[in-house]
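Bear in mind these aren't lab numbers, they're just calculated from the coordinates by the rules spelled out. Source: prediction; values computed, not measured. Positions of Cβ are generated from backbone atoms using ideal geometry, with glycine treated the same way; all protein chains shown enter the neighbour counts.
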Amino acid sequence: MALSTASSQPTNAVSETWDKPAANKTTFTGPDGSCPWNGNGSDPDTYVRKNRSDIPDISEIHDVLWSAVHDLPFPDDKPLRANWSPEHLQEIARYEGEAVRTISYLVAIKPQNGHGEGTNCGFTLSSETDTHLALVGEVGDAEKNSVVIEFTPRFLKSHPHWTKASLSKYLDTDAPVRITGWLMFDPDHRNHLGKFRFTLWEIHPITKIEVFEDNTWKDLDAL
């Protein structure tokens, strides 16, 4: 099945003219305590985007080809955007915060439990950490050519089927997934480029996961 025929006429490029609603600011409370919108405070302008919990309105969502995210240019700068040049901040601000939906294939599922990330205040439990997924544009592509997408603790309670066990059915198969979420830039993983990802642009957080079954798209939560 061609990806371009499985969605409603996806565009091949991200437009800087699309709406970029401001991220909401919420506090997450888990077994290890509370974590605010800015995480541990080390990179608040990144973490406010990672930790948003608002869901885009259907009118705000843009169908894009996987390649539109994969090929989006980005600057070379430091691991924390708090230390970036104004010019580089302006460059990513052209696109960051737009709501997108894309179709692709799942090649990696990596729960981050055990890894204390600043965005989650160093918490390490499964319910308090992100899950990284890697998406490729063609069946058989390598993870090093992927776009990383993530769901976060703020979404887990309302999406109990967003687990490695549920998603493994679609891992390394020819069954596509359709992902909706917020386009954001994660400067912290430049050392992953060419190994676990192609780009530092992500869909993060994910707000909806759909799978293609019985010739139709189905919400993973409903299966």
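Applying the Kirkwood pairwise sum to the alpha-carbon positions of the chain produces a hydrodynamic radius of 17.5 angstrom.
Among 151, 74, 123, the largest mean-square fluctuation in a Gaussian network model of the chain (Cα springs under 10 Å) belongs to 74.
Of the peptides 128-135, 171-178, the order by per-residue mean of other Cβ atoms within 10 Å, starting with the highest, comes out as 128-135, 171-178. Bridging of residue 20 to aspartates and glutamates at a Cα separation below 14 Å is possible for 54, 57, 60, 96, 98, once same-chain residues fewer than 8 apart are set aside.
Placing a label point 7 Å from the Cα of residue 218 along the Cα-to-Cβ direction, no residue of region 132-159 has its backbone N under 14 Å from that point.
I want to verify the translational diffusion coefficient of region 12-100 in µm²/s; compute it with Stokes-Einstein, Rh as the Kirkwood radius over Cα pairs, at 4 °C and 1.567 mPa s. List each step's numbers first, then the result.
On the way: Rh = 14.8 Å.
The diffusion coefficient I find is 88 µm²/s.
Per residue, the convex hull spanned by the Cα atoms of region 122-162 amounts to 97 cubic angstrom. One decimal place: the segment residue 190-residue 25 gains 56.8 nm when fully extended, by the rule 0.36 nm per residue minus the C-alpha distance. Distance from the alpha carbon centroid of region 62-123 to that of region 179-223 works out to 10 angstrom. Inter-label distance, residue 110 to residue 138: 2.3 nm, where each label sits 7 Å from its Cα along the C-beta direction. Percent of C-alpha pairs per 5 Å bin in region 112-216, short distances first: 2, 11, 21, 25, 23, 13, 4, 1, 0. Result for the chain in a Gaussian network model with C-alpha springs under 10 Å: among 166, 146, 127, the largest mean-square fluctuation is at 166. Listed by chain and number, the aspartates and glutamates whose C-alpha is less than 16 Å from the C-alpha of residue 78, apart from same-chain residues fewer than 8 away, are 43, 45, 87, 91, 186, 188.
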